[in-house]
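Shown next, in structure tokens, is the structure this report addresses.
The values are calculated or read from the model by the stated rules, or taken from the named source; none is laboratory data. Remember, predicted model here, so these are calculated numbers, not experimental data. Ideal geometry is used to build each Cβ from the backbone, glycine not excepted, and the neighbour counts take in all protein chains shown. Ligands, DNA and RNA are excluded from the accessible area calculation, which covers all protein heavy atoms including side chains. Shrake-Rupley method; radii C 1.70, N 1.55, O 1.52, S 1.80 Å.
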Amino acid sequence: MKSDMLPLLRSCRGLNQAEMAFYMGVPQARLSDIETGRVELSKHYENKLWLAIQRLQVSSNELQSIAELVQNAKKLKGGIDYGKL
């Protein structure tokens, strides 16, 4: 799991940062820092993310699709506009 997948994962589940942070057990500000790259997705936060993924019952197929979308978006100029999702 990479931090650049987080906004799309949230969007797919219809969650805002505060809601996703709740599932992860972290403050919303920390999730924002992770999503923007100000804080690295360390093993500690990655474990919390996996906990949220389990709680939200995100399937491995969903995660694979999100990873592919993020990878393809990087090939496009400008990436993904998460505000339009």
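Here is how the numbers come out for the structure above:
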| quantity | calculated |
| --- | --- |
| For residue 62, net neighbour charge (Lys/Arg +1, Asp/Glu -1) across residues whose Cβ lies under 13 Å away | +1 |
| Estimated 222 nm signal from helices in the chain, with DSSP H stretches of n ≥ 4 weighted -39500 (n - 2.57), rounded to 500 | -18500 deg cm²/dmol |
| Range in the chain, longest, excluding exposed trypsin sites (Lys or Arg not before Pro) [loop by DSSP; at most 13 other beta-carbon atoms within 10 Å] | 39-76 |
| Surface accessible to a 1.4 Å probe, residue 40 within the full protein complex, Å² | 140 |
| Cross-link partners of residue 48 among aspartates and glutamates (Cα-Cα below 16 Å; sequence separation of 8 or more within a chain) | 4, 19, 33, 35, 40 |
| Residue-normalised accessible area of the chain, given per residue in Å² at a 1.4 Å probe | 64 |
